[in-house]
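*Asks:* Following this message is one structure expressed as structure tokens.
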Amino acid sequence: MESLELLMGGFATALQPGNLLFALIGCTLGTLIGVLPGIGPAAGTAILIPIAMAISPTSAIIMLAAIYYGAMYGGTITSVLINTPGEAASAVTCLDGYAMAKQGRAGAALAVAAIGSFVGGTVAVGGLVLVALPLTRFALRFGPPEFFALMIVGLSLVTGLAGRSLVRALLSAILGLMIAQVGIDPVMGAPRFTFGHVELMDGFGIVPVVMGVFGIGEILFNVEAGAMAVFSPQISRLMPSRADLDASKWPIVRGTVVGFLMGLIPGVGAIVPTFVSYAMEKRLSKTPERFGTGMIEGVAGPETANNAYANAALIPLFTLGIPGSPTTAILMGAFMMNGLVPGPMLFKEHGEFAWAVIASLYIGNIILVILNLPLIPLWVKFLKIPYGILMAIVFGFSVIGVYSLNSSVFDIGIMLGFGIIGYAFRKMDIPLAPMILTFVLGPLMERGLRQSLEMSQGDISILVTRPLSATLLVIATLVIVSSMFRAFSAVKGDTEV
Amino acid sequence: MTMRRPYQIAGSLFLLMAVLVGWQSLTMKFYTHLGPGPGFFPFWLAVALGVVSIVMIAQSTFGPSEPMPADFRPTRGGVLRMATVVVTLAATAALLEPLGFRLTMFAALLFLLAALGRQVWFVTVLIAAAGSFGAFQVFDGWLRVALPTGVFGL
């Protein structure tokens, strides 16, 4: 009941014309980012942080969150129409969505995806409303040892589930933590790895690093591959038939459950629930052999799971301060730039803000379904933008975005350096997500550990003698051991095959 | 062709980085009477990086190798296109404050679009102008995001 009252208060703020306008702008830009291949949601969100800095914190986060889940909607359009996922989570939609498009049923595929996304997203936000207060009250009992253990759980999930190789995921995660070491140390105030550069005293900024790794890295990867194609897809009838809706009903329900549950676990990544949903639909189908030939269930399930995941992934961010993906890590960075720290204290100290953003998620889902159904032909037109022009746009936005935060050209240099790293990591198949997540979580984790050890006067057993932190560390250990077991099994399997 | 050699080289570079970071961290306070010092965390991270790098080298040397993707080695054209972006970005960083946002970005976008965009000249000029003079008006003029004007006031 209390949550509902607070949510109503949140709606009162989110429905103010200014906030409503920024939710609309965010949804539009997010859809555009999702539509345009070559700009992922992480880079797209980071690019627009400078605009967000120029407006009020509530409007800024409403807009950035709308960009985040708007990109999830938008990514579907390219998957269905040109067999190219606008963002990774829509990759599985290519299988049946593109097959439907070739049969002239692109409109039905996109409409069902939009409806499923709306249902999944709305239910997941409902879950956020229900668990937000109990979870934050529980988390308020956390001291530094519990907080440190929680960060370890977050990191263990990230490294265990990211990418195809555990070793490469671990490398990426450790590098992220190392990058986070640069700057003034959080407890004693001593400079670390600054090499005399005053600009490095505050450490690497989130925006230059993310823009480099995802924005410039992506540009380098695409121009190297010569990705300059222009697409001219055609769509016919937009509305799905009665049979399409009947066939999509249960996949939408199942996709919502899968996406929501997986969104609660940091580090799963948006791509996993979509594949799980697809596999589930295929297994439950009476005609599994027809999957891949244009089955609407293969679009409805994964697309619903995708958006349920995107919205549910905000639960660990809002309530515990753990970002589950690079994009939510950037959102966390945007929170912090506005002087707001996601986690249990957010609801206590800035409750009005937190509930306004949650209410805006509902509004955003409605805006997106309105934007997506009738405006699909308009989005298709954007696909005709040649990559050369798109690249120039990303280039310009990246420079403005990175420079304007600190009025520093040094940050542009950092973005370039991380762009080259991002390109190299892509080439080497080293996952980028663990690096960005640990980069954001690193300082919080270090502070948690060092404050714990100060509390215990250097006795490390404080981490295992307190029941909550011990439980969390056991969970982290189980996750790491199971990940290693899975990795070894995979290697053994490969060798045997 | 396999990925054995690239992963051996990458693992060695990460190992070298681990040694350098570990060595640097030992020049900082490792432990104080209050608990861990500034060098504590980086030191253990360097150890972890070193261990994982060695595992990577060992896996790539003694384990089964992944096949090298066909497009792993960039073509000459690919390298040139990447170099165009890198040099343009570096030049933008160097000239942004002396020349100002509008002139620098106009030149950078003009060059990028001419080199990689394959557009007719007036489209190239139009986009470069929109991305420089237009973007300045939007960000600096309307959104109050400060952008440099340089010696020419542009």
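The values are calculated or read from the model by the stated rules, or taken from the named source; none is laboratory data. These numbers were taken from a predicted model, which means no experiment stands behind them. Cβ sites come from the backbone with ideal geometry, for glycine too, and all protein chains shown count toward neighbours.
*Asks:* If you go through the stretch B:64-81 one residue at a time, do you hit one that is assigned to a helix (DSSP H, G or I), more than 7 Å from chain A (Cβ to nearest Cβ) and over 28 Å from residue A:211 (Cα atoms)?
*Replies:* Checked against the condition, which is being assigned to a helix (DSSP H, G or I), more than 7 Å from chain A (Cβ to nearest Cβ) and over 28 Å from residue A:211 (Cα atoms), the stretch B:64-81 yields no hits at all.
*Asks:* Name the one entry in A:488, A:425, A:410, A:418 that is at pLDDT below 90, not in a loop (DSSP other than H, G, I, E, B) and not basic (Lys, Arg). It would help to see each step written out before you state the result.
*Replies:* On the way: A:425 fails: at pLDDT below 90; A:410 fails: at pLDDT below 90; A:418 fails: at pLDDT below 90.
Just one listed residue meets the conditions, A:488.
*Asks:* Output the residues belonging to the stretch A:367-388 that are out of contact with any Ser or Thr (no Cβ under 8 Å at 6 or more places or on another chain), part of a helix (DSSP H, G or I) and not charged (D, E, K, R).
*Replies:* Selection gives A:367, A:370, A:376, A:377, A:378, A:380, A:382, A:387, A:388.
*Asks:* Can you work out which of the residues in the stretch B:54-71 that are at pLDDT 90 or above and either within 30 Å of residue A:389 (Cα to Cα) or β-branched (Val, Ile, Thr) (or both) is farthest from the chain's Cα centre (by Cα)?
*Replies:* B:61
*Asks:* Considering only the stretch A:402-418, state which residues are over 14 Å from residue A:216 (Cα atoms) and within 10 Å of chain B (Cβ to nearest Cβ).
*Replies:* The initial filter retains those residues of the stretch A:402-418 that are over 14 Å from residue A:216 (Cα atoms), namely A:403-410.
Those that are over 14 Å from residue A:216 (Cα atoms) and within 10 Å of chain B (Cβ to nearest Cβ): A:403, A:404, A:405, A:407, A:408, A:409, A:410.
*Asks:* Going through B:22, B:11 one at a time, which residue ends up being free of Cβ contacts under 8 Å to residues at least 60 places away in the same chain, at the interface with chain A (Cβ under 10 Å from one of its Cβ atoms), assigned to a helix (DSSP H, G or I) and surrounded by 15 or more Cβ atoms within 10 Å (Cβ to Cβ)? Don't jump to the end; show me each part of the working.
*Replies:* On the way: B:22 fails: at the interface with chain A (Cβ under 10 Å from one of its Cβ atoms).
Of the residues listed, the single one that is free of Cβ contacts under 8 Å to residues at least 60 places away in the same chain, at the interface with chain A (Cβ under 10 Å from one of its Cβ atoms), assigned to a helix (DSSP H, G or I) and surrounded by 15 or more Cβ atoms within 10 Å (Cβ to Cβ) is B:11.
*Asks:* Being part of a helix (DSSP H, G or I) and hydroxyl-bearing (Ser, Thr, Tyr) is the filter; apply it to the stretch A:396-407 and report the residue that is nearest to the chain's Cα centre (by Cα). Working first, answer last.
*Replies:* Residues of the stretch A:396-407 part of a helix (DSSP H, G or I): A:396-406.
Still in the running and hydroxyl-bearing (Ser, Thr, Tyr): A:398, A:403-404.
Details: A:398: 19, A:403: 24, A:404: 24 Å.
Taking the candidates together, the pick is A:398.
*Asks:* Follow-up. I'd like the residue in the stretch A:180-203 that is more than 8 Å from chain B (Cβ to nearest Cβ) and either free of Cβ contacts under 8 Å to residues at least 12 places away in the same chain or of a type in the set (Asp, Glu) (or both) and, out of all such residues, is farthest from residue A:441 (Cα to Cα). Spell out the reasoning first.
*Replies:* Within the stretch A:180-203, the first condition is being more than 8 Å from chain B (Cβ to nearest Cβ), and the residues that meet it are A:180, A:182-184, A:186, A:189, A:191, A:194-203.
This time we only want the ones that are either free of Cβ contacts under 8 Å to residues at least 12 places away in the same chain or of a type in the set (Asp, Glu) (or both), so: A:189, A:191, A:195-196, A:198-199, A:202.
Details: A:189: 19, A:191: 19, A:195: 23, A:196: 25, A:198: 23, A:199: 21, A:202: 15 Å.
Restricting to residues being more than 8 Å from chain B (Cβ to nearest Cβ) and either free of Cβ contacts under 8 Å to residues at least 12 places away in the same chain or of a type in the set (Asp, Glu) (or both), the top hit is A:196.
*Asks:* Mind telling me which of the residues B:86, B:47, B:51 ends up being modelled with pLDDT of 95 or more, outside any loop (DSSP other than H, G, I, E, B), of a type in the set (A, V, I, L, M, F, W, C) and not assigned by TED's automatic domain parsing to the domain that holds residue B:26?
*Replies:* On the way: B:47 fails: not assigned by TED's automatic domain parsing to the domain that holds residue B:26; B:51 fails: not assigned by TED's automatic domain parsing to the domain that holds residue B:26.
The unique qualifying residue is B:86.
*Asks:* Out of the residues in the stretch A:285-327 meeting the condition of being without any contact (Cβ under 8 Å) to a residue 24 or more places away in the chain and assigned to a helix (DSSP H, G or I), tell me which one is surrounded by the most Cβ atoms within 10 Å (Cβ to Cβ).
*Replies:* My answer is A:290.
*Asks:* So, one more: Which of the following residues is closer than 24 Å to residue A:146 by Cβ and within 11 Å of chain B (Cβ to nearest Cβ): A:437, A:468, A:449, A:463?
*Replies:* Details: A:437 fails: within 11 Å of chain B (Cβ to nearest Cβ); A:468 fails: within 11 Å of chain B (Cβ to nearest Cβ); A:463 fails: within 11 Å of chain B (Cβ to nearest Cβ).
Only one candidate passes the filter, namely A:449.
*Asks:* In addition: Which members of the stretch A:102-114 meet the condition of being surrounded by 22 or more Cβ atoms within 10 Å (Cβ to Cβ) and either not in a helix (DSSP H, G or I) or not small (Gly, Ala, Ser) (or both)?
*Replies:* Hits for the stretch A:102-114 are A:105, A:110, A:112.
*Asks:* Take residue A:391 and decide whether it is surrounded by 21 or more Cβ atoms within 10 Å (Cβ to Cβ), in a helix (DSSP H, G or I) and touching a Gly at 6+ places or on another chain (Cβ under 9 Å). Give the steps one after another, and end with the answer.
*Replies:* Details: surrounded by 21 or more Cβ atoms within 10 Å (Cβ to Cβ): yes; in a helix (DSSP H, G or I): yes; touching a Gly at 6+ places or on another chain (Cβ under 9 Å): yes.
Here the answer is yes, as residue A:391 does meet what is asked.
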